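Only one structure is covered here, and it is reproduced in the block below.
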Amino acid sequence: MIHIHFANHTHINVRFAFSPLLETTLSYFRLQYTEHSAIYAPWIDETQRALHGVELAFMDALILPRHYMADFLTPTPTTPRMDFEAELQAVLQTPPDIVRASVQEVIEHGGESDIRNYFLAYPSDALYCLVEEMRVYWQRTVAPHWSRMLPVLENDVLYRARLLAIEGTESVLHSLDNRIHYAPGVLSLDKKYKDGAYDNYEVQTTDSLLYLIPSVFSFNSLSWQVVEPWHPALYYGTRGSGLWYSVPQANNAALEITLGEARARIFIALADPTSTSELARKLHLTDGAVSQQLTLLRQAGLIESQRSGYRVYHRLSQRGTQLMALFG
């Protein structure tokens, strides 16, 4: 059991963010740790083709297929929308002592290698090589899908933030994973690995902030960041992990007869909350056509809509969910 003690012993301040850098590192982990990757199989197949002939030796050295990746690869994002290039520049600015400490931890888990020793001897030069690899990897494997991942991440933040406001910290933490336990000022994680090993330690942080970071590549995994100088963070699998890759198919004939083909396609696509523009892109319709059908579905009480920044997201209402189950 891991116990994280926060500076404020009565409560913690919860914030939300997500990170393209985190998705990049976790996606690379998924490529190696395939036991839990069935829902990512189409993306993995595509990615392996995209990386044919590409060597990623520095990423290999720091992202282990089990238990650990270097802490400076997962710095806590502090805004809801992080920019990948800005995050890479922040990695480049990681102080040498922090690089060496993280790489030493990698060595304890995975043993020495020429590249890991290179990080210890020349951290700045090694970081430059690492960042160049990560930029290539991002451009070939994650960036093409980022516009589809983004609505899933934003929707999860909306859902958790609402839960936090209505039911409080303990409820939102438990919604992330039933291995998370909360008492005022203390977060406990019951983490057991597939090989039966447990993490057991106490962490005392000088922070009172806890960032909750959804990830489409976490699925049912639970990770954390408690190393200074970054804020403590929990990385958890977002609702709808894996759905960002697939394009919904309106193949329910009975539902099409009931709602009409266009409305049925949109209705099925809203099994996971989606914005108007994303629906139009997925279903190869104009924004205007989608908006018209959404209005009719909303008037029928089958969907609900909520604004987040410049986007409006739509999801099935309780009545809509019941109708989906009836035709499922």
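Structural remarks
- Label-to-label distance, nm, for residues given as L64 and I107 (7 Å Cα→Cβ offset): 1.4
- Positive end of the dipole of the range 1-117 (Cβ unit charges, origin at the Cα centre): among L62, P20, S113, the Cα lying farthest that way belongs to P20.
- Rounded to the nearest 10 degrees, the inclination of helix 146-167 to the longest alpha-carbon principal axis of the chain is 90 degrees.
- Charge dipole (debye, nearest 20) of the range 74-133; +1 at Cβ of Lys and Arg, -1 at Cβ of Asp and Glu: 160
- Diffusion constant of the chain at 4 °C, which comes from Stokes-Einstein with the Kirkwood Cα-pair radius and 1.567 mPa s, µm²/s: 60
- Distance cut-off 15 Å, percentage of C-alpha pairs in the range 147-186 lying past it: 48
- Mean Cβ neighbour count within 10 Å, used as a protection proxy, ranking 20-26, 253-259 highest first: 20-26, 253-259
- The range 253-327 shape via C-alpha gyration tensor axes, a/c threshold 1.5: oblate
- Residue-averaged 222 nm ellipticity for the chain, from DSSP H runs of 4+ at -39500 (n - 2.57), nearest 500: -14000 deg cm²/dmol
- For the chain, the longest principal axis of the Cα atoms and the long axis of helix 41-50 meet at an angle of about 60 degrees.
- C-alpha long axis of helix 318-327 to longest principal axis of the chain, angle in °: 80
- Mean separation of Cα contacts under 8 Å, 6 or more apart, over the residue count of the range 2-237: relative contact order %: 36
- Computed about its Cα centre, the charge dipole of the chain is approximately 1420 debye, with only Lys, Arg, Asp and Glu carrying charge at their Cβ.
No lab work stands behind these numbers, since they all come straight from the coordinates. Not measured: the values here are computed from a predicted model. Here Cβ is always computed from backbone atoms with ideal geometry, including for glycine, and neighbour counts include all displayed protein chains.
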